[in-house]
1. Could you work out the pair-distance distribution P(r) of the chain from its alpha-carbon pairs, with 20 angstrom bin width and percents rounded to whole numbers?
2. Given the Cα-Cα distance of T47 and S208 and 0.36 nm per residue of separation, how much length would full extension add, in nm?
3. Modelled label-to-label distance, Q201 and I9, 7 Å Cα→beta-carbon offset: nm?
4. Could you give the distance between the Cα centres of segment 237-293 and segment 107-134, to the whole Å?
5. Whose amide H sits under 5 Å from the amide H of V190, counting only residues 5 or more places off or on another chain, with H placed in the peptide plane?
6. Using the basic label-point model (7 angstrom from Cα toward the beta carbon), what is the E265 to D241 distance in nanometres?
7. Measure off, as a whole percent, the carbon and sulfur share of the 1.4 Å-probe accessible area of the chain, all protein chains present.
8. Extension gain R257-R188, at 0.36 nm per residue separation less the Cα-Cα distance, in nm?
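The values are calculated or read from the model by the stated rules, or taken from the named source; none is laboratory data. Predicted model, so just to flag it, every value in this text is computed and none were measured. Heads up, the Cβs are rebuilt from the backbone with ideal geometry, glycines too, and the neighbour counts pull from every protein chain shown. The accessibility values were calculated without ligands, DNA or RNA, using every heavy atom of the protein model including side chains. Shrake-Rupley method; radii C 1.70, N 1.55, O 1.52, S 1.80 Å.
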Amino acid sequence: MQVAGIRRIGARIEMIETAGPRPPADDEVLLEVMAAGVGNWDEFVRTGGWDVGVKPPMALGVEAAGTVLAVGRAVSDWTPGDPVMTHPLPLRDQGTWAPRLIAPAGLLARKPDGASWEAAAAFPVPALTAQQVLSEALGVRTGEQLLVNGASGVTGSLLVTLGALRGAQVIATAGPSNRERVSALGARHVVDYHDQDWPDQVRALTGSRGVAAAANAAPGGAASALRAVADGGRLATITSDPPGEQRGIAVSSVYVRPDGDQLRELAGLFADGRLEIPVGASYPLADAAQALAQVTGGHPAGAIVLAF
Ligand SMILES: NC(=O)c1ccc[n+]([C@@H]2O[C@H](COP(=O)([O-])OP(=O)(O)OC[C@H]3O[C@@H](n4cnc5c(N)ncnc54)[C@H](OP(=O)(O)O)[C@@H]3O)[C@@H](O)[C@H]2O)c1
C-alpha cells in the first residue's frame, strides 16, 4: 500500500510502500479512506513531538473520513458501506494518509449525508478540541462572557459556534476580513487582534471586569488573552503556551483526546447544519508534503485536506 508518511522521525514526507492492511481485529474496522485532514499537529508527529502510537516508517495523519469495508467479529454498530469519520488514536496500524485505515470501531461517527468527504475528514480533531475546551477545561455556562482568541481559524470558528450554542456571550478576535463571518457564527463582538490594545478593548466590552472564561486558539496568544480575563476566571489554550497563573485565574493547556461518544454527539450538530467546516484546499495524497507546508506556512483560510 502506498502511503504518505515518514521513514524516520524528522524525515521529509514522501510516498512509502507499506504492507497492505491486515484484517481488522475483533474491535476494529477497515476503512476505505476518501479524505484525510492535515493540521499543524501532523508537523508535531513528523518531528517527534506527539506520539500517536506507532513508529516510522509510517503514514502520517490523525483524522479521516471514509467508507467501512470490513468489520471485526465484535463490531455490531457498523456495517460495510457505512460512511464514517474518525480521530483513531492511538493508531492501530498506520496513520490516515493512506488509502486504507484500520480504526477502533468505538471511535467512529457517521458522516453526515450532506457533508463532503473533505469537510468530514477535517472535522474530528478541531471539533473534539473545541468541545473539550468548552465543556471540560472551561466548563462554560449559559450567560457567561467567553473570549475566543483566534476565532477565524478552523478550531477557533468551532469554539465560537459551540460557545454560542452553550448560551455564552462570545467576544471574538479576528482579522478585519473575517469579522463578518465570525459574527455570523454567533460572536456578539469581534475585536481586531492587530490592535495592540485588543485585550483592553475586550475588557471595555465587559464593563472593565474582564471575561469569565477565555479560549485561546492563536499561536502565542494565551498571555494576551489572559489580560482580558476577570480575576478568578478561567483560561484554556490549545497552542501549548500556558502563561503562569495570576489573579486567581485557572489556566489549562488542552490537547485533543479521541472520544467516540463526543464525536458522535458533535456529528449530530454537524448533520443539523449547526456546525460547519470550511475547506480551504484539497491535495492528492502524493502532494501531502505541500499540503502540510501550506498549513505550517501561515494562513490557510479553511481546512486543508488530502482527497483520494
Ligand atoms: N492542542 C490541540 O489539541 C489542538 C487542536 C487543534 C488545533 N490546535 C492548534 O490551534 C491553533 C489554531 O488551530 P486552527 O485549526 O484554528 O488553525 P487555522 O485554521 O490555521 O487558524 C489560524 C487563524 O489564526 C488567526 N490568527 C493568526 N494569528 C493570530 C493572532 N495573533 N491573534 C488572533 N488570531 C490569529 C488567523 O486569523 P485571520 O485570518 O483572521 O488573520 C488565522 O485564520 C493551531 O496552532 C493548531 O495547531 C491545537
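1. 35, 54, 11, 0
2. Going from the current span to full extension adds 53.7 nm.
3. If labels sit at Q201 and I9, their model points lie 4.2 nm apart.
4. What the calculation gives is 9 Å, centre to centre.
5. Residues meeting the criterion, in which the H sits 1.01 Å from N, are A172.
6. Taking the two extended label points, one gets 3.0 nm.
7. Ligands and nucleic acids excluded, carbon and sulfur give 50 percent.
8. Residue separation times 0.36 nm, minus the Cα-Cα distance, leaves 21.9 nm.
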